[in-house]
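Below is one structure, written out as structure tokens; the observations come after it.
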Amino acid sequence: MTPRPFVRARSLQSLRDDTFDVVVVGGGVTGAGVVLDAASRGLRAALVERDDFASGTSSKSSKLVHGGLRYLQQGEVGLVYEALAERQRLLKNAPHLVKPLPFLIPMMGKGGVIPAKIARLLGTAMWGYDLTGGLRIGKLHKRLDKAEALAYMPTLPEDRLVSAYLYYDAAADDARLVVAILRTAALEHGATIANRVAAKGLSKDASGRVDGLEVEADGEEFTIRARSVVNAAGVWSDDVRAMDEGTHPDSIRPAKGVHITVPWEKVRNEVAAVIPVTKDRRSVFVVPQDGFTYVGTTDTDYDGPLDDPQCTPEDVEYLLRALNGSITTEVTTDDILGTWAGLRPLVKAASTGRTADLSRRHKVRRSDSGLVTITGGKLTTYREMAADTVDEVVRNVLAGQPGTPKVGRSRTKKLPLRGAAGHDTLPTAARVYPEVPPELVERLGDRYGGEARALMAQIQADPSLAEPIVEGLPYTRAEALFAVRHEMAGSVDDVLSRRTRARLFSRDASADAADAVAELIAEELGWSAEQARESAASYRDDVARERAAAELPETRPSATSAG
């Protein structure tokens, strides 16, 4: 199939004119995985997203690619095994985005003694994690003494610390992973992808079978002709099902997860850590990144507006209580540089226990009219979820339909994502771009892989593009331009919240930069001066609302925390 440029205007024309085998609703990681799986099998595939790619849950996760130790402790051995297998595939298929990450589990005790039962349980869990696939990363867990643990995280309370475990998982920028999957589907496998296209309804033939998706884009309504439609809308999937069934099925139980960002020097963790929450049966992650540390996540029932979950003062108190209960320095609300809140689309269970105890397994459902819905799951297992979904479409929806190509099994187990090619030779290639500092080559490589050459060429031609777009953060002007030219970014928010992660790591400094970013991308987007001002103002309003919801003061990173 002929690859299609990742350009929104051309995608919209294709959506109006062409007939597709599969149209996917939802541009998060699950929908991205589905459209890549379908297109790589040879199906004519398209994806539409109401807002921006990954603007929902898939940009607001803990950014971990892992099996999940707590799922193992809950008896979800199969889920952990599958997730660790998927982690290994991502390490191979997207080495520029998915990186191994050591995790420290400090063990605290009274009087320097850990209860024997707790020590045995944790030791068993560590071996269980290794045996279900943790050792695929090439390293077994280790038991550390107090001095070794403090070397990794010197802010741990020495008087209570007894020992620690060190094990290995992986991490990835979730929003950049989604964009890489989508660009792979479009540029290498011919999928048609477009953001800011809202699903409005389903069209059906005389027999009641779904044969298209009614959408609205840029004020125009039209119908995308399709032999099948996949609902991958996450927490909004019941809304799409209601278009098919006529009533709202109420099958999703949203669970809110919140994270906070603080200066790294307040925690000084050389590796990620798993720390307990006082008076709760949960733990939170403490993860170092780019001179900052982020802490999360919460896991609570949510019944507010799905489009705008916010971090609340109670969420902040919960995370600060967990963090301050495990370190000797004190972190306060004055230290919080960023927050983010996302909703997990958990499948409702018969029991009504805590959301933290609900299974993260996914579920594929097909309606009588042929609408296929994928719900549940987790970031790490998106590829397997997508393969199961496309299997359902191929076997039970497309089978027998005239004009449908014959396709085989999923090909994505060994399918490299965009940027994987040329990633390992980037340092050598950098000699061609002497204006690009070596440290910037490394950082661009970790975000764009082999495609970093395109950004380096921009900087070589105009060294000013190596300048940061937000004071105290590493994101460059070249990245903002690449986002609008090649990644369908269409607003200041797209650039600062998802194509870069400036909003997560320095909310208020990113708001300060909004006007400059708008001016930089305005010509590329064909904006007037007024449109540029409106996009910047909208971003600042969003940031102010986010800060106010959590009752936080304005904060900006110091030179030390941004180092």
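What length, rounded to one decimal in nm, is gained on full extension from Ala548 through to Asp391, with 0.36 nm per residue of separation minus their alpha-carbon distance?
On the way: separation 157, 0.36 × 157 = 56.52 nm, distance 4.52 nm.
Taking Ala548 through Asp391 to full extension adds about 52.0 nm, to one decimal.
Hey, with R₀ at 51 Å, roughly what FRET efficiency would Glu534 and Thr332 work out to, going by the Cβ-Cβ distance, to 0.05? Working shown, then result.
Details: r = 35 Å, r/R0 = 0.69.
Using R0 = 51 Å, I get an efficiency of 0.90.
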Of Thr132, Ala454, Thr329, which is farthest towards the positive pole of the chain's charge dipole, taken about the Cα centre with +1 and -1 on the beta-carbons of Lys, Arg and Asp, Glu respectively? Thr132
Describe numerically, in nm with one decimal, the distance between label points set 7 Å from Cα along Cα→Cβ at Tyr81 and at Val271. 2.7 nm
Would you mind checking the range 178-215 for residues with the amide N under 17 Å from a putative spin-label position 7 Å along Cα→C-beta of Ala421? 180-191
Over the C-alpha atoms of the range 415-563, what are the Rg and the largest Cα-to-Cα span, Dmax, in Å? 16.0, 49
Toy charge model, Lys and Arg Cβ at +1, Asp and Glu Cβ at -1: the range 1-52 dipole around Cα centroid in debye, rounded to 20, equals 160 debye
For the range 34-102, which whole percent of the accessible surface, found with a 1.4 angstrom probe, sits on carbon and sulfur atoms? 52 percent
Net dipole in debye of the range 238-337 [+1 Lys, Arg Cβ; -1 Asp, Glu Cβ; about Cα centre; nearest 20]: 600 debye
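From the helices alone, meaning DSSP H stretches of at least four residues, give me the mean residue ellipticity at 222 nm for the chain, per-run term -39500 (n - 2.57), in deg cm²/dmol to the nearest 500.
Values: 18 runs with 194 residues, N = 563.
Dividing the helical sum by the residues of the chain leaves -10500 deg cm²/dmol.
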Which residue, chosen from Ala509, Ala45, Ala478, occupies the Cα position most advanced towards the positive end of the dipole of the chain, where the dipole is computed from +1 (Lys, Arg) and -1 (Asp, Glu) charges on Cβ about the Cα centre? Ala45
Can you list residues whose amide H is under 5 Å from Arg44's amide H, if they're 5+ apart or on another chain and H is modeled 1.01 Å from N? Asp21, Val22
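Starting from the exponent 0.38 and prefactor 2.2 Å, build the expected Rg for the chain from its residue count and divide its actual Cα Rg by it. Show your work: numbers first, answer last.
On the way: Rg = 23.3 Å, N = 563, 2.2 N^0.38 = 24.4 Å.
Taking N as the residue count of the chain, the ratio is 0.95.
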Given +1 on the Cβ of Lys and Arg, -1 on the Cβ of Asp and Glu, and no further charges, what dipole in debye does the chain carry about its Cα centre, rounded to the nearest 20? 2640 debye
What is the extension gain from Ala206 to Glu317, computed as 0.36 nm multiplied by their sequence separation minus the C-alpha to C-alpha distance, in nm to one decimal? 34.4 nm
Within the range 173-206: backbone nitrogen closer than 17 Å to the Asp308 label point (7 Å, Cα to C-beta): none
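Near Val543, within a Cβ-to-Cβ distance under 9 Å, what is the net charge of the other residues, with Lys and Arg +1 and Asp and Glu -1?
On the way: positive: Arg503, Arg507, Arg540, Arg545, Arg547; negative: Asp508, Asp541, Asp542, Glu546.
Net charge around Val543: +1.
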Pair Ala516, Asp239: separation of 7 Å Cα→Cβ label points (nm): 3.5 nm
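For the cross-link pairs Lys110/Lys146; Lys92/Lys413; Lys279/Lys348, which exceed 18 Å when the distance is taken from alpha carbon to alpha carbon?
Working: Lys110/Lys146 14 Å; Lys92/Lys413 10 Å; Lys279/Lys348 26 Å.
Distance filter (> 18 Å) returns Lys279/Lys348.
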Kindly report the accessible area of the chain per residue (heavy atoms of protein chains, probe 1.4 Å, no ligands, DNA or RNA), in Å². 40 Å²
Determine, from the Cβ-Cβ distance of Leu131 and Lys92 and an R0 of 25 Å, the FRET efficiency 1/(1 + (r/R0)^6), rounded to the nearest 0.05. 0.75
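In the neighborhood of Arg533, defined by Cβ-to-Cβ distances under 12 Å, what is the net charge if each Lys or Arg adds +1 and each Asp or Glu adds -1?
Details: positive: Arg540; negative: Asp515, Glu519, Glu530, Glu534.
Neighbour charge sum, excluding Arg533 itself: -3.
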Inter-probe distance in nm under a simple model that places probes 7 Å from Cα toward Cβ, at Leu187 and Lys413: 2.7 nm
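Taking the mean number of other Cβ atoms within 10 Å as a proxy for protection, how do you rank 490-501, 94-105, 418-429 from highest to lowest?
On the way: 490-501: 26.5, 94-105: 20.7, 418-429: 16.4.
By packing density, highest mean first, the sequence is 490-501, 94-105, 418-429.
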Too-long pairs where the Cα-Cα distance tops 19 Å, listed order kept, from Lys256/Lys378; Lys99/Lys139; Lys266/Lys378; Lys60/Lys256; Lys142/Lys266: Lys266/Lys378; Lys142/Lys266
Kindly state, to the nearest 0.05, the FRET efficiency for Asp541 paired with Glu471, given R0 = 22 Å and r defined as their beta-carbon distance. 0.60
Pro100: net charge of surrounding residues, Cβ under 10 Å, Lys/Arg +1, Asp/Glu -1, itself excluded? +2
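The values are calculated or read from the model by the stated rules, or taken from the named source; none is laboratory data. In this text, all values refer to a predicted model and were calculated from it rather than measured experimentally. In this analysis, Cβ positions are derived from the backbone assuming ideal geometry, glycine residues included, and neighbour counts consider all displayed protein chains. In case anyone asks, the SASA skips ligands and DNA or RNA and just uses the protein heavy atoms, side chains included. Shrake-Rupley method; radii C 1.70, N 1.55, O 1.52, S 1.80 Å.
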